[in-house]
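S.K.: A single structure is presented below for examination.
Quick note: the coordinates plus some simple rules give every number you see, no bench work behind them. Source: prediction; values computed, not measured. Positions of Cβ are generated from backbone atoms using ideal geometry, with glycine treated the same way; all protein chains shown enter the neighbour counts.
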Amino acid sequence: MAFELTRNGQVIGYRRDDLEINPPYLYPDYVSTQTRAPKRPLVPMPHTLSEITGPVYGHERIGELDHDLTRQHEGEPVGERIIVHGRLLDGDGRPVRNSLIEIWQANAGGRYRHQGDQHPSPLDPNFSGGGRCMTDDDGHYEFVTIKPGAYPWQNNPNAWRSRHIHLSLFGPAFATRLVTQMFFPGDPLFFQDPIFNSVRDPQARERMICSYDHDRTVEEWALGYRYDIVLRGREATPTED
Ligand SMILES: [Fe+2]
């Protein structure tokens with residue numbers, strides 16, 4: 001990577017999360033945060049050289065169809081076929097290239113292929129729900145999948161998750177890794193979804209919702225959705241003395 005790693009003997013780290021924008025660790029409406037949130041204030045640690053330079057992944061580890069969740073089995077999964085694509089950018093607007101993106105999601109009936117999900121909706125023998133790809137030189141990525149269904153999750157009475165796709169974005173380094181969820185426009189379940197609402201700034205919540213992309217919609221085949229993702233930028237100068 002063509003950027004300065006250190007200055008005056010100090011590692012130039014990445015920017016810290018904006019605590020006004022990111023969801024709090026403790027958000028009581030999201031019940032499991034009550035037991036897992038840290039009880040004491042966090043101690044910020046300076047980023048180390050290995051955190052800002054690794055991991056490095058190669059394209060050779062990614063299978064040709066890993067990005068296409070509709071072609072991982074004998075037949076095709078049930079559901080509304082969609083193309084989800086966009087660009088991965090850093091906090092300074094530059095493309096994040098050759099970076100691993102992983103997704104996981106429920107099937108069209110809102111069921112995960114996971115032991116922990118036993119709610120009465122069928123598994124789809126043609127859908128596992130996991131995919132991965134690398135961003136290209138322009139930071140672009142693309143997945144083909146089916147639109148996930150809403151699912152009940154027992155957080156509170158009659159609680160249903162808004163339709164969403166989970167994403168893990170490594171970015172250029174461990175210090176930029178982001179695990180998040182992408183939502184779909186116009187979902188009627190947003191009002192009662194505490195994970196969605198744990199991001200308290202309404203404008204920041206909007207940034208978790210993809211947009212319908214008619215230009216990427218393929219006639220007779222699939223609807224397109226666009227979702228650009230911004231990871232942390234680097235500190236211009238070291239913040240730790
Ligand atoms: Fe989920």
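S.K.: Looking for whichever is under 19 Å from Y25 (Cα atoms) and either touching a Cys at 6+ places or on another chain (Cβ under 6 Å) or without any contact (Cβ under 8 Å) to a residue 24 or more places away in the chain (or both) here; the options are P194, P202. Which one fits?
M.R.: Values: P194 fails: either touching a Cys at 6+ places or on another chain (Cβ under 6 Å) or without any contact (Cβ under 8 Å) to a residue 24 or more places away in the chain (or both).
When all the criteria are applied, what remains is P202.
S.K.: Still on this structure: Give the residues of region 1-39 that are assigned to a loop (DSSP other than H, G, I, E, B), touching a helix residue (DSSP H, G or I) at 6+ places or on another chain (Cβ under 9 Å), in contact (Cβ under 8 Å) with a residue 60 or more places away in the chain and within 24 Å of T180 (Cβ to Cβ), sorted by residue number.
M.R.: Across region 1-39, the qualifying residues are M1, G13, E20, I21, N22, P23, P24, Y27, D29, Y30, V31.
S.K.: Quick check on region 138-152. Is at least one of its residues within 23 Å of G63 (Cα to Cα), more than 16 Å from the ligand (Cβ to nearest atom) and surrounded by fewer than 16 Cβ atoms within 10 Å (Cβ to Cβ)?
M.R.: Checking region 138-152: at least one residue is within 23 Å of G63 (Cα to Cα), more than 16 Å from the ligand (Cβ to nearest atom) and surrounded by fewer than 16 Cβ atoms within 10 Å (Cβ to Cβ).
S.K.: Just give me the residues in region 120-137 being touching a strand residue (DSSP E or B) at 6+ places or on another chain (Cβ under 6 Å) and either without any contact (Cβ under 8 Å) to a residue 40 or more places away in the chain or within 14 Å of the ligand (Cβ to nearest atom) (or both), in sequence order.
M.R.: Of everything in region 120-137, those that are touching a strand residue (DSSP E or B) at 6+ places or on another chain (Cβ under 6 Å) and either without any contact (Cβ under 8 Å) to a residue 40 or more places away in the chain or within 14 Å of the ligand (Cβ to nearest atom) (or both) turn out to be G129, G130.
S.K.: Scan region 83-98 and report the pairs whose first residue is of a type in the set (S, T, N, Q) and whose second residue is assigned to a loop (DSSP other than H, G, I, E, B), with Cβ atoms within less than 9 Å and a gap of 6+ or a chain change.
M.R.: So the pair list comes out as N98/V56; N98/Y57; N98/G58; N98/T135; N98/D136; N98/D137; N98/P172.
S.K.: So for region 94-110 (the condition being within 16 Å of the ligand (Cβ to nearest atom), among the polar types (S, T, N, Q) and surrounded by 15 or more Cβ atoms within 10 Å (Cβ to Cβ)), does at least one residue qualify?
M.R.: For region 94-110, residues within 16 Å of the ligand (Cβ to nearest atom), among the polar types (S, T, N, Q) and surrounded by 15 or more Cβ atoms within 10 Å (Cβ to Cβ): present.
S.K.: Based on what the data block shows, is F143 over 27 Å from D29 (Cβ atoms) and either in contact (Cβ under 8 Å) with a residue 60 or more places away in the chain or within 16 Å of the chain's Cα centre (by Cα) (or both)? I'd like the intermediate steps shown before the answer.
M.R.: Numbers: over 27 Å from D29 (Cβ atoms): yes; either in contact (Cβ under 8 Å) with a residue 60 or more places away in the chain or within 16 Å of the chain's Cα centre (by Cα) (or both): yes.
Yes: the conditions hold for F143.
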